[in-house]
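Below is one structure, written out as structure tokens, with a few remarks after it.
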Amino acid sequence: MNPKQSEPMGLETPSSQERTWFYPWIGILFGIAVGIFIGHPLSMLVDGFYNFVNSGTPLDIKGAFSHSFHWHMWPMLLIFGLFGGVVWGFIGFILQRLRESRLRLETMHRELMKQTRHLNTYLTISSMVAQCLDLPELLGAVLPTVMETVSAEEASILLLDEDGVNLEFYSLGGPSQEALQTTTFPADKGIAGSVLQNQKSEVINGVGQDPRFYDQIDSQSGVVTRNMIAIPLTAGEEKIGLMEVVNKSGGEPFTDDERLLLDSIAEEIAFAIRNARIFEYVVNSYCKQRQGATSCKGCQRPLKSWTPCVKYLEKSI
């Protein structure tokens, strides 16, 4: 797996999920209002009550409140407003920090769960690749896992022919499976041809508006391609073909993070395809042609000691 491809996406900042910057400002405005309309009138009421207790001056609640807003009391109103703004602004700042910390923890948790799912997918497919050299069996097991991981309605493996001229739908999953099985088209056509040529994976969420779109495949399958991820399959320097996932379930767009996940497993799949082809060639040319054998049963050649050949031996017994 390429280390650059496996780097996790950057964590989203809390402000991108929820605007927390206004917490202190709301606190300041609220504090000013409390200081002017509640704090200062209450202070006047307390002062009137104090005079009532100490000197017997009649307690005039209405007068105390109305007097607190008299024009000559503006310095005290200003002091109370500033004090309330500072206190509640500080409280708003504390709430902002607490909220941002909560959002950051939630983001980290989501990222951890996502990376865990991606790692599980990678390990699952790596295990399949390590245990299976039968190409149709391997791809038949890999594609459903890929579709489930990125919630795609369809997935396919397209392989280059020996001349590197055409792409063939070798393995498919989804509604187009029967219609496109063994279908070929020029390797320089469509989005697939462009991705294969550039050797760079792409997320295309508006396939119909992409000028590279090769609509003859949709016409043949009867399925309308809305969006897709196209991943080149390369084993070292050898171009093997492509892996495509098509139409995100629920009409949602594919994400760049999903592309990175498929990038991480594409190399494993590409080498598995190449190894399976080599093994088939060895079995066909060495066992059947050189030895004149029609099966691996009873093979006494060194090839028998090669662990992957044991599956062929077992099948032919």
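The values are calculated or read from the model by the stated rules, or taken from the named source; none is laboratory data. Just so it is clear, the model here is predicted, and its values are computed rather than measured. Positions of Cβ are backbone-derived with ideal geometry, glycine not excepted, and every protein chain shown enters the neighbour counts.
Of all residues in segment 19-34, those satisfying the criterion of being under 11 Å from residue 95 (Cβ atoms) and surrounded by 16 or more Cβ atoms within 10 Å (Cβ to Cβ) are 20, 23, 24, 27.
In segment 221-236, the count of residues that are part of a helix (DSSP H, G or I), at pLDDT below 85 and either touching a Leu at 6+ places or on another chain (Cβ under 6 Å) or over 25 Å from residue 135 (Cβ atoms) (or both) is one or more. Criterion applied to 63, 48, 85 was being closer than 30 Å to residue 19 by Cβ and either surrounded by 12 or more Cβ atoms within 10 Å (Cβ to Cβ) or not assigned by TED's automatic domain parsing to the domain that holds residue 271 (or both), and the one residue passing it is 85. Look at segment 21-42: where a residue is assigned to a helix (DSSP H, G or I) and a partner is among the small types (Gly, Ala, Ser) and at pLDDT below 85, sitting 6+ places away or on another chain with Cβ atoms under 6 Å, you get 40/68; 41/68. Whenever a residue of segment 155-176 is in contact (Cβ under 8 Å) with a residue 60 or more places away in the chain, its partners that are basic (Lys, Arg), lying with C-beta atoms within less than 8 angstrom and at least six residues away or across chains, give the pairs 160/239; 164/239. Identification of strands (runs of 3 or more DSSP E) wholly contained in segment 155-213 with 1 or more residues that are among the β-branched types (Val, Ile, Thr) and either in contact with a Pro (Cβ under 9 Å, 6 or more places away or on another chain) or crowded, with 19+ Cβ neighbours inside 10 Å (or both) yields 202-204. Among the residues examined, residue 110 does not qualify as part of a helix (DSSP H, G or I), within 30 Å of residue 19 (Cα to Cα), over 18 Å from the mean Cα position of the chain (by Cα) and basic (Lys, Arg).
Exactly one residue out of 288, 200 is at pLDDT 85 or above, basic (Lys, Arg) and out of contact with any His (no Cβ under 9 Å at 6 or more places or on another chain): that is 200.
Of everything in segment 85-117, what is among the basic types (Lys, Arg), closer than 24 Å to residue 26 by Cα and without any contact (Cβ under 8 Å) to a residue 60 or more places away in the chain? Give them in sequence order.
97, 102
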